[in-house]
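FYI, it's all coordinate maths here, none of it is from the lab. Predicted model, so just to flag it, every value in this text is computed and none were measured. Methodologically, a virtual Cβ is constructed for each residue, glycine included, from the backbone with ideal geometry; neighbour enumeration extends over all protein chains shown.
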Ligand SMILES: [Zn+2]
């Protein structure tokens, strides 16, 4: 290679490195940290954790209430899907707020609010203006400590979950996920999806008493992290969080989650599908936290 060509190649390499560094730095903020915002962590004496992230977005506040209970915590045979069921039940009213009152409060606040469940946690969130923080937090604290749902409402909601399962099952990837997890995990509770096994979902309407037990176990301060992000400061968030969550009694439940033995050979599963489609997924139980999707080919 001539000196001139060598210089050109070196210049291109330098330029590539510079562009890469600039985009990496932009993505990680001026500080170079992966999470560029300053934040504080306060642990209440009952075990609840508060994370405050002040940002410079004027007037906006996001409240995330995260419960460290997902489908991996569903350790009893016949009782899969309850973490996700609670994502529904938590909108069914509490001691001091009917569902309609709660909806009206969030509507007045112009709040965007919803929830999600996965294998490891259930997350409830709302985004609103900072002057509504106390009112929204007060209602949030009420449903986390004093959820109230009668058996007929419970049955209705558990049947809604069955409907959700049936709807999802029209999507081939959902059925493939079921087969994937069940094949990849022989003992660990990652063997079932967040929706749960169909037979367990079908039995949910008969399990009102068990649902109360699930709430009693996991909706406890030591399982909950409150994350408040936006136009807030630590002093204010700690004051209102302590006011509404500070009296919450700690629980004592710890699930025993089976350990997955090392996998010593490849395993495969095949799911027949009546209409044209071609999908493939692979997983490694050694990868944490979840099996990985490999690829999807529309057929
Ligand atoms: Zn759902």
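Taking the convex hull of the alpha carbon atoms in the range 161-242, what volume per residue do you get, in Å³?
Working: hull volume 14.9 nm³, N = 82.
In the range 161-242, the Cα hull volume divided by residue count equals 182 Å³.
Quick one: 243, 33, fewest Cβ neighbours within 10 Å first, how do they rank?
Numbers: 243 13, 33 10.
Listed from fewest to most nearby Cβ atoms, that is 33, 243.
With contacts defined as alpha carbon pairs under 8 Å and 6 or more residues apart, what's the relative contact order of the range 40-266 in percent? Walk me through the numbers before you get to the answer.
Details: 393 pairs, mean separation 86.6, N = 227.
Dividing the mean separation by the residue count of the range 40-266 yields 38 percent.
Run through every distinct alpha carbon pair of the range 39-111 and return the Kirkwood hydrodynamic radius in angstroms, one decimal place. List each step's numbers first, then the result.
Values: mean 1/r = 0.0641 Å⁻¹.
About 15.6 Å, per the Kirkwood formula over Cα pairs.
Whole Å is fine, so just give me how far the alpha carbon centre of the range 221-256 lies from that of the range 147-187.
When both Cα centres are located, 29 Å separates them.
How would you rank 228, 41, 257, going from fewest to most other Cβ atoms within 10 Å of each one's own Cβ? Intermediate results must be reported in sequence, preceding the final value.
Working: 228 26, 41 11, 257 14.
By the 10 Å Cβ count, ascending: 41, 257, 228.
Ranking 176, 63, 34 by Cβ neighbours within 10 Å, fewest first, what do you get? Spell out each step's value before the answer.
Values: 176 20, 63 24, 34 8.
Ranked by crowding around the Cβ, least crowded first: 34, 176, 63.
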